[in-house]
Amino acid sequence: MNHGKCINCWWYKVLHNKGYFIVGGKLISKYGNGICYCHTVNPGTDIEEPHAVDGDSWCPDYCNREKTNKKEKLTLDDWLTKIKEK
């Protein structure tokens, strides 16, 4: 099993990028959030349900984005487009 942060995973699509916030007078770095497309299909019904995750969440099904893009010659956006055409 591969473990890694969602922000670096091939299945993660960014909705809100990383940013900085002032909390209690301190500058805090905050990971963004997005959708995990590895876990969007509900196994019982096969209905797609968006699975929102924070960028710094840990995933047991982590798939390295850079390696997968090179190996498959396909980005997540390309894959999503291909799936919607079917």
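The values are calculated or read from the model by the stated rules, or taken from the named source; none is laboratory data. A quick note: this is a predicted structure, and the numbers were derived from the prediction, not measured. Neighbour counts are summed over all protein chains in view; Cβ atoms, including those assigned to glycine, are modelled from backbone coordinates with ideal geometry.
Could you list, in sequence order, the residues of the range 1-29 that are surrounded by 12 or more Cβ atoms within 10 Å (Cβ to Cβ) and either small (Gly, Ala, Ser) or touching a His at 6+ places or on another chain (Cβ under 9 Å) (or both)?
Gly4, Trp11
Is it the case that Cys59 is modelled with pLDDT of 75 or more, within 13 Å of Gly4 (Cα to Cα) and touching a His at 6+ places or on another chain (Cβ under 8 Å)? Working first, answer last.
On the way: modelled with pLDDT of 75 or more: yes; within 13 Å of Gly4 (Cα to Cα): yes; touching a His at 6+ places or on another chain (Cβ under 8 Å): yes.
The answer is yes for Cys59.
Restricting the search to the range 16-38, which residues are in contact with a strand residue (DSSP E or B) (Cβ under 8 Å, 6 or more places away or on another chain) and aliphatic (A, V, I, L, M)?
Applying the first criterion (in contact with a strand residue (DSSP E or B) (Cβ under 8 Å, 6 or more places away or on another chain)) to the range 16-38 yields 16, 18-22, 27-38.
If the condition is that a residue be in contact with a strand residue (DSSP E or B) (Cβ under 8 Å, 6 or more places away or on another chain) and aliphatic (A, V, I, L, M), then Ile22, Leu27, Ile28, Ile35 are the ones that fit.
Criterion first (over 19 Å from Leu76 (Cβ atoms), at pLDDT 85 or above and either outside any helix (DSSP H, G or I) or more than 11 Å from the chain's Cα centre (by Cα) (or both)) does Ile28 satisfy it?
Values: over 19 Å from Leu76 (Cβ atoms): yes; at pLDDT 85 or above: yes; either outside any helix (DSSP H, G or I) or more than 11 Å from the chain's Cα centre (by Cα) (or both): yes.
Criteria met by Ile28.
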